[in-house]
């Protein structure tokens, strides 16, 4: 599985990254992808990944996290390089 996490401070999406060393984890909303190429293709066609990382909308609450979409090209290349399983 590949873990994508939205940093709760900057709203940037990170790939399996830790904040302070190998045991510390980045805090924020996360989504997981399987390593199959067809899963990545299906995920990027729609908006499911974007909505999973942004979270649910609460009525009357203006502070919803917004992520940049589409994801940065460098991040997409890294994810695609990890999705090599048939």
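The values are calculated or read from the model by the stated rules, or taken from the named source; none is laboratory data. For clarity, every value in this text was computed on a predicted model and none was experimentally measured. Ideal geometry is used to build each Cβ from the backbone, glycine not excepted, and the neighbour counts take in all protein chains shown.
Can you spot a residue in the range 39-62 that is more than 15 Å from residue 2 (Cβ to Cβ), in contact with a strand residue (DSSP E or B) (Cβ under 9 Å, 6 or more places away or on another chain) and modelled with pLDDT of 75 or more?
Yes, the range 39-62 contains a residue that is more than 15 Å from residue 2 (Cβ to Cβ), in contact with a strand residue (DSSP E or B) (Cβ under 9 Å, 6 or more places away or on another chain) and modelled with pLDDT of 75 or more.
State which residue pairs qualify: first residue over 19 Å from residue 73 (Cα atoms) and inside the range 15-42, second residue at pLDDT 75 or above and assigned to a helix (DSSP H, G or I) in any location, beta carbons under 6 Å apart, and separation of 6 or more residues or different chains.
Note: pairs meeting the criteria are 29/53.
For the range 19-38, give me each residue that is exposed (fewer than 12 other Cβ atoms within 10 Å of the Cβ), at negative phi and either at pLDDT below 80 or touching a strand residue (DSSP E or B) at 6+ places or on another chain (Cβ under 9 Å) (or both).
If we filter the range 19-38 for residues that are exposed (fewer than 12 other Cβ atoms within 10 Å of the Cβ), which is where we start, we get 20-24, 32, 38.
Okay, now just the ones that are also at negative phi, so 20, 22-24, 32, 38.
If the condition is that a residue be exposed (fewer than 12 other Cβ atoms within 10 Å of the Cβ), at negative phi and either at pLDDT below 80 or touching a strand residue (DSSP E or B) at 6+ places or on another chain (Cβ under 9 Å) (or both), then 20, 22, 23, 24, 32 are the ones that fit.
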